[in-house]
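This report concerns only the one structure given below.
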Amino acid sequence: MSLERKKFWEVWGQSNALYEDWAAWKNINSNLLMVLYELDHGDYITQKMIADYTGIPKQTVNTVIKGLLEQEYVTLTCGKNDRREKLVVLTDEGRKFGEELLAPLYDMEEKVFHIMGEERVQQMIDSIFLFNTVFEKEMKRGMK
């Protein structure tokens, strides 16, 4: 394994572990944290979109959503363009739950971004975006 690849996986794994540790500190499952994070960022989101954005398997997302449904934190509504598509929408109680849970995380992320500086944060975002774009292109080429 090349040194770059090894460092990449170490950094990637450490980032994931930090969010898992934060979730454990809040006594929640890290999958629930990621699902709530996505639900908090938009009104139009499906379980498939959550799975795509987080990398969590769709079945796991479905299990998390079922738990949120049981607690009446979300509702499922039909999509505007495709009636078979189910949109996941936070209820008022779910939004309150998510805000209470996520606000300290958002504050910490903002502090970290401030410490890093706007230029470094933008470079990080650009670099990860470029990696994902090139990786996806190479993966599609390899699948032909």
When restricted to LYS111, LYS26, LYS66, LYS96, the only residue farther than 27 Å from GLU136 by Cα, in contact (Cβ under 8 Å) with a residue 60 or more places away in the chain and either of a type in the set (Asp, Glu) or open to solvent by 60 Å² or more (accessible area, probe 1.4 Å) (or both) is LYS26
Anything in segment 39-63 that is charged (D, E, K, R) and surrounded by 15 or more Cβ atoms within 10 Å (Cβ to Cβ)? List them, or say none. ASP40
Scan segment 64-73 and give yes if some residue there is acidic (Asp, Glu), at pLDDT below 95 and over 17 Å from ASN16 (Cα atoms), otherwise no. no
Close pairs (8 angstrom Cβ cut-off, 6 or more residues apart or separate chains): under 12 Å from ILE65 (Cα atoms) in segment 29-54, open to solvent by 30 Å² or more (accessible area, probe 1.4 Å) and part of a loop (DSSP other than H, G, I, E, B) anywhere: LEU33/LYS26; THR46/GLU85; ALA51/PRO57
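The values are calculated or read from the model by the stated rules, or taken from the named source; none is laboratory data. This is a predicted model, so every value here is computed, not measured. Heads up, the Cβs are rebuilt from the backbone with ideal geometry, glycines too, and the neighbour counts pull from every protein chain shown. Side chains are part of the model used for accessible areas, which takes the heavy atoms of the whole protein and leaves out ligands, DNA and RNA. Shrake-Rupley method; radii C 1.70, N 1.55, O 1.52, S 1.80 Å.
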